[in-house]
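See below for the structure under consideration.
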Amino acid sequence: MINIPKGTKDILPANVHKWQFIEDIARITAEGYGYREIRTPVFEHTELFRRGVGETTDVVGKEMYTFLDKGGRSVTLRPEGTAGVARAFVENGLQGGVMPFKAYYLISAFRYERPQAGRLREFHQFGAELYGAASPAADAETICFADAFLKNLGLRQVTLRINSIGCPACRKQYHEALKEYFRPHLAEMCPDCNARFEKNPMRMLDCKVEGCKAYTAGAPKMLDFLCGECREHFGTVCALLDEAGIAYTVDPSIVRGLDYYSRTVFEFTSEAAGAQGTVLGGGGYDGLLAQMDAKPTPAVGFAAGIERLLMVLEAEGAALPEASATDCYLAGLDPASRKKAFLLAEELRREGLACETDLLDRSVKAQFKYADKLGARFVAVIGEAELAAGEAEVKDMHTSSSERVAFPQLAEYLKAKQDV
């Protein structure tokens, strides 16, 4: 027996309706904010992620699934969605189109890391990207969109934390301040922090090693180094969120884990999510396209892991929909009746009803048991007498009552009973 690879998970028919619920809410909310779906390849040239996500990130440095194809080209299974959307935006000439450009995606992504609750090597994301608007209103609207999505799912114990990590100009001064602060402590900090010290000291603030956290907690705060323009931008974002009634906390520790972020960054967290408490995160990335040698274009977006969302929904006891049930099971008592049940089932399906019938030559008792397992509201029994009369004996499994219904009226009868 060949088992499933470590860090992957089957989504079985008994649970897939929960995933579909999240995906449906994502689509409805996104389209309400003017976003349209985009679909990009599951693998890209490795250079896209090295330049787009950033060499100093754990994603690029440790977690990517990278290999040579048969042509000797280095390709990578996407570890996140933003870089691929950025590439599609440029390559397809969308920079010259109507702005702002808004797109959302529902994807699988891949990172080689230690599997844990809500975090797998193959995982799934809902994400959204907005290009072409540099205003604070674009950041605020994106946060409102994310907030509406989580509330539409039914989550109520989620907290929004926001920060600004400035622009390249003010971040340069901040990097120097961080280096001055961390330099005396490097010997006590982890190898990753030592490697990040020269390349991108802000990454040190995101270190999860307990010994490093003692030093990062006292590090200088980016908010104290914002230039006037970035300070005004962040202040306007906060004011718009206040006016929109979106509750938040300013948290200077948020830096996000990918190099392309700039200015506004944000996270929605939940204690129900366990140690890795973020359920949705995002921010601005005005420099991303420039890193990819494309025309600089302001951008902002977010992404949420669907596995994590589902885990938090269940932990909060949020109302999740039941799996869709069969409307009617057609039970045939003999070969001729089974044939009629088969044909009637096809007619009812064409009328938009979910129907099942016997495919295993079960006894009538076994057919009723199977109908019950399917959650069928009605069972239409057809035997020799019913076949001769052109009728089915329709039993309501909720009330145990039954009625004779002519074959031509069966679809109309079942539809009328659906909402009763």
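The values are calculated or read from the model by the stated rules, or taken from the named source; none is laboratory data. As the structure is a computational prediction, the values presented were derived from the model and not from experiment. Every residue, glycine as well, gets a Cβ built from its backbone with ideal geometry; the counts of neighbours run over all protein chains shown.
Values as computed for the structure displayed
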item	result
Leading residue by the ranking (surrounded by the fewest Cβ atoms within 10 Å (Cβ to Cβ)) among those in the range 212-263 that are under 14 Å from Gly284 (Cβ atoms) and charged (D, E, K, R)	Glu229
Criterion (of a type in the set (Val, Ile, Thr), at pLDDT 95 or above, in contact with a Leu (Cβ under 9 Å, 6 or more places away or on another chain) and assigned by TED's automatic domain parsing to the domain that holds Ala83) met by exactly one of Ile107, Ile143	Ile143
Contacts under 8 angstrom Cβ, first residue in the range 26-51 being in contact (Cβ under 8 Å) with a residue 60 or more places away in the chain, partner assigned to a loop (DSSP other than H, G, I, E, B), 6 or more apart	Thr40/Arg78; Thr40/Gly81; Val42/Arg78; Leu48/Met292; Arg51/Met292
Long-range neighbours under 7 Å by Cβ, at least six apart or interchain, first residue on the phi > 0 side of the Ramachandran plot within the range 163-185, second in a helix (DSSP H, G or I)	Gly166/Tyr174; Gly166/Met222; Gly166/Phe225; Gly166/Cys230
Odd one out for Gly375 among (1) loosely packed, with under 14 Cβ neighbours inside 10 Å; (2) at positive phi	(1)
Pick from the range 359-412, criterion free of Cβ contacts under 8 Å to residues at least 24 places away in the same chain and of a type in the set (Asp, Glu), ranking: nearest to Leu333 (Cα to Cα)	Asp361
Total residues in the range 169-212, condition closer than 21 Å to Thr249 by Cα and modelled with pLDDT of 85 or more	0
Residues that are under 18 Å from Arg263 (Cα atoms) and of a type in the set (Val, Ile, Thr), drawn from the range 154-190	Ile162, Ile165
Flag for Phe67 being farther than 20 Å from Glu307 by Cβ, at pLDDT below 95, in the same structural domain as Leu280 (by TED's automatic domain parsing) and loosely packed, with under 15 Cβ neighbours inside 10 Å	yes
The listed residue being in contact with a helix residue (DSSP H, G or I) (Cβ under 9 Å, 6 or more places away or on another chain), at pLDDT below 95, assigned by TED's automatic domain parsing to the domain that holds Thr249 and surrounded by 14 or more Cβ atoms within 10 Å (Cβ to Cβ), out of Glu122, Glu113	Glu113
Matching residues, the range 390-409, being of a type in the set (S, T, N, Q), surrounded by 10 or more Cβ atoms within 10 Å (Cβ to Cβ) and outside any helix (DSSP H, G or I)	Ser402
Which listed residue, of Leu348, Leu353, Leu343, is more than 37 Å from the chain's Cα centre (by Cα), assigned by TED's automatic domain parsing to the domain that holds Ala385, more than 30 Å from Gly132 (Cβ to Cβ) and surrounded by fewer than 23 Cβ atoms within 10 Å (Cβ to Cβ)	Leu343
Count - residues of the range 214-228 that are at pLDDT 85 or above and in a helix (DSSP H, G or I)	5
Residue tally, condition touching a residue at least 24 places away in the same chain (Cβ under 8 Å) and under 30 Å from Gln95 (Cα atoms), over the range 294-320	12
Condition met for Thr76 (more than 21 Å from Ala146 (Cβ to Cβ) and surrounded by fewer than 19 Cβ atoms within 10 Å (Cβ to Cβ))	no
Top-ranked residue of the range 12-64 - restricted to ones that are small (Gly, Ala, Ser) and surrounded by 19 or more Cβ atoms within 10 Å (Cβ to Cβ), ranked as nearest to Leu130 (Cα to Cα)	Ala30
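Let's see how each residue does on (1) small (Gly, Ala, Ser); (2) closer than 30 Å to Gln367 by Cα; (3) surrounded by fewer than 21 Cβ atoms within 10 Å (Cβ to Cβ):
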site: Thr278; (1), (2), (3): no, no, yes
site: Tyr285; (1), (2), (3): no, no, no
site: Leu289; (1), (2), (3): no, no, no
site: Asp293; (1), (2), (3): no, no, yes
site: Pro296; (1), (2), (3): no, no, yes
site: Met311; (1), (2), (3): no, no, yes
site: Pro321; (1), (2), (3): no, yes, yes
site: Cys328; (1), (2), (3): no, yes, no
